[in-house]
Amino acid sequence: MDLNSGSVVAVEVIAAPPPRGPGTSVEAAVQEGSATVEWLVALVREAALAESLLPLVLPLPARALMWEGLASLAETRLRREGRRPRDVVFMLGPELSELAAPMVVAGTSRLRSAGFRCGFGTAMVRPDLVVRAAPFLMRIDEEVVSGIARDQRHATVVEGLSRIGRGSGVYALAAGVGSVEDVVRLRRCGVRVGTGPFFADRTWSPGGRVTPVPEPTAGQGGDDDAGPRVTEFMVPPVGLDSDATSEQVLESFTGNPVLNSVVLIDRRERPVGALDRTRFLLSVTGRYGHALHAKRPASRLAEPPRTVPAWMSALAALRVAGQDTERVYDDLIVTNAYGQCLGVVHVGDLIRSLSRG
């Protein structure tokens with residue numbers, strides 16, 4: 001869940017990993033590799049019965065990183081199931097700490113090169129490993145999140161982990177969010193995404209109702225460029241391949257009524273176009289619009305992406321938004337040092353937060 005908007009941004013599949021085979025050698029991991037991919041395929045097929053549009057977060061035993069062929073086989077098999085690597089996050093289990101750091105870095109790099117995103121299933125790993133492996137998500141354990149509203153020590157740990165994530169381009173994901181007080185405190189600590197029983201019970205399925213989050217009542221702001229960084233307001237992007245059709249973009253907007261924009265991304269994860277919800281729907285749903293555009297590349301209707309670097313302050317980003325009066329409220333796209341898309345920022349969030357400062 002996006003803790004600011006209350007929208008569902010991904011569906012996580014919870015499942016026990018397949019039994020571990022005998023031995024701890026690399027050869028044993030290779031033998032398990034094929035079976036692990038088949039298990040992932042089965043999970044994707046089951047998830048597809050209820051959800052085909054939202055990104056998936058799939059469990060992955062950390063020891064699978066030992067097998068060099070994992071990334072290529074997983075890419076081939078999941079594409080056959082209609083899942084693009086960019087829409088899949090592999091959540092590595094807490095046994096991650098049992099692997100040598102070089103093996104974790106190499107394994108996550110191979111998955112990332114194939115287009116997949118990786119998540120650390122626990123934040124209780126060495127901070128330098130987070131920086132070196134650069135996962136997409138870092139889960140803050142439920143035991144820590146559950147005490148955030150009543151114990152300042154828990155809040156301090158969460159805030160510290162969130163800062164580590166923001167500083168290295170990693171989303172901190174709060175697990176076990178159980179109350180409205182948790183949501184409010186997590187926002188203050190800089191956490192933007194979470195999961196837990198507060199939003200829905202275990203019977204929830206994609207498309208079902210979720211508990212609305214409270215309106216933000218406090219923000220962080222500053223009077224100059226020394227204020228909060230733009231990454232503190234960043235939410236996960238909805239990205240499609242640069243050759244995606246307008247019909248695919250339309251499916252993204254109709255499947256998520258609170259989605260502001262869709263980003264077109266090239267093979268190197270760099271934004272090459274942006275589609276604003278209002279202007280896109282006016283073009284596609286107008287008279288003859290669907291017939292003219294649906295099967296054609298969405299890039300025909302895209303506009304140049306408005307990008308800001310991850311190190312930029314929120315106030316400076318707001319100045320960038322104001323440079324184009326015709327697109328002042330379009331989402332800003334946050335990029336890393338390589339120009340790759342890290343997330344998007346809603347200009348309205350910047351205005352509301354900085355105005356309170």
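Since every read-out is calculated from the coordinates, none of them should be taken as a lab result. Small disclaimer: the values here were computed from a predicted structure and weren't measured. Because the Cβ atoms are built from the backbone with ideal geometry, glycine has one as well, and the counts that use them run over all protein chains shown.
How far, in nm, would the chain grow between SER97 and ARG188 when pulled straight, counting 0.36 nm per residue and subtracting the alpha carbon separation?
Full-extension gain reported as 29.9 nm.
Can you find, among THR156, VAL41, PRO94, the residue sitting farthest towards the positive end of the charge dipole of region 11-215, where Lys and Arg contribute +1 and Asp and Glu -1 at Cβ?
The one lying farthest along the dipole's positive direction is THR156.
In whole Å, what are the extents of region 222-276 along the principal axes defined by its C-alpha atoms, from largest to smallest?
43, 28, 14
At q = 0.07 Å⁻¹, what log₁₀ I(q)/I(0) does the chain have when each alpha carbon counts as one equal point scatterer in the Debye sum?
Computed log10 I(q)/I(0) values: -0.30.
Provide, for q = 0.10, 0.16, 0.23 Å⁻¹, the log10 of I(q)/I(0) from a solvent-free Debye sum over equal Cα point scatterers in region 232-356.
Here log10 of I(q) over I(0) equals -0.30, -0.75, -1.36.
Calculate the dipole size of the chain relative to its Cα centre from +1 charges on Lys and Arg beta carbons and -1 charges on Asp and Glu beta carbons; express the result in debye to the nearest 20.
The dipole of the chain has a size of about 480 debye.
Report the full-extension gain for the segment TRP311 to GLN248: residue separation times 0.36 nm, less the Cα-Cα distance, to one decimal in nm.
Additional length available on full extension: 19.5 nm.
What nm value, rounded to one decimal, do you get for the distance between ARG287 and ALA42 when each label is placed 7 Å out toward the C-beta?
Once both label points are built, they end up 5.6 nm from each other.
Under a point-charge model restricted to the Cβ atoms of Lys and Arg (+1) and Asp and Glu (-1), what is the dipole moment magnitude of region 244-357 relative to its Cα centre, in debye to the nearest 20?
I would put it at about 100 debye.
Can you pull the one-decimal nm distance between simple spin-label points at GLN152 and GLU215, each 7 Å off the Cα toward Cβ?
3.0
Taking the mean number of other Cβ atoms within 10 Å as a proxy for protection, how do you rank 92-98, 112-118 from highest to lowest?
112-118, 92-98
Add -39500 (n - 2.57) for each DSSP H run of 4 or more in the chain, then divide by its residues: what number comes out at 222 nm, to the nearest 500 deg cm²/dmol?
Rounded to the nearest 500, it is -10500 deg cm²/dmol.
What does the extension gain come out to for GLN340 and GLU68, with contour length at 0.36 nm per residue minus their alpha carbon separation?
Between GLN340 and GLU68, full extension yields 95.5 nm more.
Which semi-axis lengths, in whole Å and largest first, follow from the square roots of five times the eigenvalues of the Cα gyration tensor of region 11-215?
So the equivalent ellipsoid measures 29, 21, 14 Å along its semi-axes.
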